[in-house]
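Below: one structure, written as structure tokens.
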Amino acid sequence: MGRALGRRPHGADRPRQVHRAAGAVRPGPADRPGDAVTSAATVAAVPGRGHWVRGVVQDVAPPGVDDLAPGYLDPALLPVELLADAAVRALATYGPAALSYGENQGALRLRALLAERAADEPSPAGPEHVMLTAGTSQALHLIATTLARPGDVVLLDEASYDLAQRLFTDCGLLLRRLASDEGGTSVTALDEAARAVRAEGRRVAFLYATPTFHNPTGRTFSRTRREELLSVAARHGVLVVEDDAYAELLLDPGEPVPSMAGIAGHRGVLRLRTFAKTLAPGLRLGWLSGEPGLVGRLAAHGLVQSGGALNHTMSMVVTRLLEDGDYDRHLPVLRAGLRERRTALLKGLASQGACGWTATPSRGGFFLWLECAPGLPEEELLAKAFASRMRIAPGSRFGHAGPTAVRLSYAFNPPGLLERAGRRLAAHLHDPARHQEGRGSC
């Protein structure tokens with residue numbers, strides 16, 4: 001690993017959370033000033049972060065550009081030291097077994113721990129309901145190629161996670177968009193679409209749903225809406241694929257809404273979870289849960305039969321994080337950091353008053369969904385953002401076809417930068433000349 005990693009006690013009395021990024025030790029998000037880093041897009045110029053550059057990480061905005069587009073965690077929120085220590089403990093515990101091919105469905109101990117985390121759901125699961133994955137993207141690809149065939153139709157919200165759409169179409173699947181409202185996917189639209197697909201002589205592959213902290217809108221479906229959608233899906237024999245990437249990132253007081261999988265007793269639902277949003281995306285580790293027979297069918301895929309458990313070594317590292325309680329001590333730190341960032345972005349946006357935009361309330365996750373006042377074309381807003389050195393994600397990227405809307409990520413940047421970026425964006429949204437001309441209203 002390039003250096004000796006010291007061992008220290010792990011338990012309830014461990015010191016405050018410390019994050020180490022590229023060799024630099026930094027206080028956790030609750031301990032540091034919000035704008036200690038001027039821009040996450042210019043991290044190459046920040047001491048200790050010289051490796052956050054193109055050629056190492058997936059996407060880096062040009063220098064000096066404030067990037068509010070990606071669903072990434074701020075580098076300062078990535079728990080480098082926590083994972084380094086867990087890796088040492090995992091190798092000390094499991095030895096060569098951590099470096100071998102893993103049990104096809106995933107190590108039994110980790111599957112049991114993950115099942116236990118859903119113990120408060122209406123229908124608890126056991127390890128037989130769980131399969132480890134290499135993250136949500138890999139799980140979606142496995143489902144799209146194992147349980148569907150080219151020409152089948154995926155039903156999904158009119159605005160849905162764009163890269164899932166790309167993955168489905170790359171697998172030869174067709175997309176059928178469903179109307180939605182403030183409560184989530186329209187129950188009537190689902191029923192009508194399922195009937196229409198069958199009338200066309202086609203097969204519905206599955207309903208792709210993100211009912212908790214929806215990407216991109218941030219909405220959370222009520223339990224009643226989830227039950228209604230499940231009822232319609234069951235009546236038509238449609239599998240529900242529940243993408244629950246942000247389930248553990250509830251930022252506001254209150255109880256979480258039960259998952260669709262839990263409500264359905266795992267019948268007819270595959271629930272996808274990931275550590276990409278709560279630990280780090282580079283782990284490439286997640287899990288899915290469903291009926292044991294269906295999960296076993298996925299675990300029988302040739303990819304798994306050939307290579308064993310997906311990302312077995314990292315799964316053993318995460319096993320130690322869960323067993324030792326480190327993961328559950330990490331989550332409040334992460335939530336506090338995200339909550340601080342969300343507040344900063346909203347404060348900046350409100351600097352001009354709530355004139356020219358409406359934000360969909362989001363109780364958690366990574367994103368805010370802003371719907372702009374009538375009369376502001378998407379191209380014009382994007383051009384203004386670009387001119388002010390800012391990247392944002394336009395609604396059209398997700399399939400949104402209504403009035404101009406944008407998705408803003410508050411997860412990737414420090415609070416000070418987010419507040420300043422919010423103020424700049426608010427100035428673009430609040431255009432007195434536009435309102436005087438009658439092309440928009442406050």
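Scan segment 53-75 and report the pairs whose first residue is closer than 22 Å to residue 397 by Cβ and whose second residue is in a loop (DSSP other than H, G, I, E, B) and among the charged types (D, E, K, R), with Cβ atoms within less than 7 Å and a gap of 6+ or a chain change.
65/389; 66/389; 70/59
Looking at residue 140 and the list (1) part of a loop (DSSP other than H, G, I, E, B); (2) under 30 Å from residue 409 (Cβ atoms), which single condition is not satisfied?
All conditions pass for residue 140, except number (1).
What residue, of 160, 123, is at pLDDT below 95 and under 22 Å from residue 287 (Cβ atoms)?
Of 160, 123, the one residue that is at pLDDT below 95 and under 22 Å from residue 287 (Cβ atoms) is 123.
Quick one: how many residues across segment 179-217 are part of a loop (DSSP other than H, G, I, E, B) and under 13 Å from residue 157 (Cα atoms)?
Final tally of qualifying residues: 10.
Could you grab me the full set of residues in segment 59-110 that are assigned to a helix (DSSP H, G or I) and over 26 Å from residue 337 (Cβ atoms)?
91, 92, 93, 94, 95, 96, 97, 98, 99, 108, 109
Could you tell me whether any residue of segment 161-182 is out of contact with any Phe, Trp or Tyr (no Cβ under 8 Å at 6 or more places or on another chain), surrounded by 16 or more Cβ atoms within 10 Å (Cβ to Cβ), in contact (Cβ under 8 Å) with a residue 60 or more places away in the chain and among the acidic types (Asp, Glu)?
Within segment 161-182, none of the residues are out of contact with any Phe, Trp or Tyr (no Cβ under 8 Å at 6 or more places or on another chain), surrounded by 16 or more Cβ atoms within 10 Å (Cβ to Cβ), in contact (Cβ under 8 Å) with a residue 60 or more places away in the chain and among the acidic types (Asp, Glu).
Given the conditions (1) under 24 Å from residue 90 (Cα atoms); (2) of a type outside the set (Lys, Arg); (3) surrounded by fewer than 23 Cβ atoms within 10 Å (Cβ to Cβ); (4) out of contact with any His (no Cβ under 7 Å at 6 or more places or on another chain), report the number of the one that residue 326 does not fulfil.
Unmet condition: (4).
Condition (residue is under 30 Å from residue 269 (Cα atoms), buried (at least 19 other Cβ atoms within 10 Å of the Cβ) and aliphatic (A, V, I, L, M)) applied to segment 73-91: is it met by at least one residue?
Looking through segment 73-91, at least one residue is under 30 Å from residue 269 (Cα atoms), buried (at least 19 other Cβ atoms within 10 Å of the Cβ) and aliphatic (A, V, I, L, M).
Looking for something touching a residue at least 12 places away in the same chain (Cβ under 8 Å), in contact with a strand residue (DSSP E or B) (Cβ under 8 Å, 6 or more places away or on another chain) and within 26 Å of residue 95 (Cβ to Cβ) - is there at least one such residue anywhere in segment 336-350?
No, there is no match, as no residue in segment 336-350 is touching a residue at least 12 places away in the same chain (Cβ under 8 Å), in contact with a strand residue (DSSP E or B) (Cβ under 8 Å, 6 or more places away or on another chain) and within 26 Å of residue 95 (Cβ to Cβ).
Would it be correct to say that residue 386 is of a type in the set (Phe, Trp, Tyr) and in contact (Cβ under 8 Å) with a residue 12 or more places away in the chain?
Answer is no for this residue.
Has segment 409-422 got at least one residue that is among the basic types (Lys, Arg), touching a residue at least 24 places away in the same chain (Cβ under 8 Å) and not in a strand (DSSP E or B)?
Checked segment 409-422: at least one residue is among the basic types (Lys, Arg), touching a residue at least 24 places away in the same chain (Cβ under 8 Å) and not in a strand (DSSP E or B).
Would you call residue 216 closer than 29 Å to residue 126 by Cβ and touching a residue at least 24 places away in the same chain (Cβ under 8 Å)?
No.
Kindly evaluate residue 439 against the criterion of being in contact with a Gly (Cβ under 9 Å, 6 or more places away or on another chain), modelled with pLDDT under 95, part of a helix (DSSP H, G or I) and among the charged types (D, E, K, R).
In short, no.
Yes or no, residue by residue, for (1) in contact with a Ser or Thr (Cβ under 6 Å, 6 or more places away or on another chain); (2) aromatic (Phe, Trp, Tyr); (3) surrounded by 21 or more Cβ atoms within 10 Å (Cβ to Cβ); (4) not assigned by TED's automatic domain parsing to the domain that holds residue 260:
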position: 284; (1), (2), (3), (4): no, no, no, no
position: 301; (1), (2), (3), (4): yes, no, no, no
position: 306; (1), (2), (3), (4): no, no, no, no
position: 315; (1), (2), (3), (4): no, no, yes, no
position: 351; (1), (2), (3), (4): no, no, no, yes
position: 356; (1), (2), (3), (4): no, no, yes, yes
position: 362; (1), (2), (3), (4): no, no, yes, yes
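For segment 357-388, give me each residue that is under 15 Å from residue 159 (Cβ atoms) and charged (D, E, K, R).
Those that are under 15 Å from residue 159 (Cβ atoms) and charged (D, E, K, R): 371, 378.
Among the candidates 198, 226, 235, single out the residue that is surrounded by 20 or more Cβ atoms within 10 Å (Cβ to Cβ) and not aliphatic (A, V, I, L, M).
Only one candidate passes the filter, namely 226.
Being hydrophobic (A, V, I, L, M, F, W, C) and not in a helix (DSSP H, G or I) is the filter; apply it to segment 259-273 and report the residue that is surrounded by the fewest Cβ atoms within 10 Å (Cβ to Cβ).
264
The values are calculated or read from the model by the stated rules, or taken from the named source; none is laboratory data. If you're wondering where the values come from, they're calculated on a predicted model, not measured in any experiment. Heads up, the Cβs are rebuilt from the backbone with ideal geometry, glycines too, and the neighbour counts pull from every protein chain shown.
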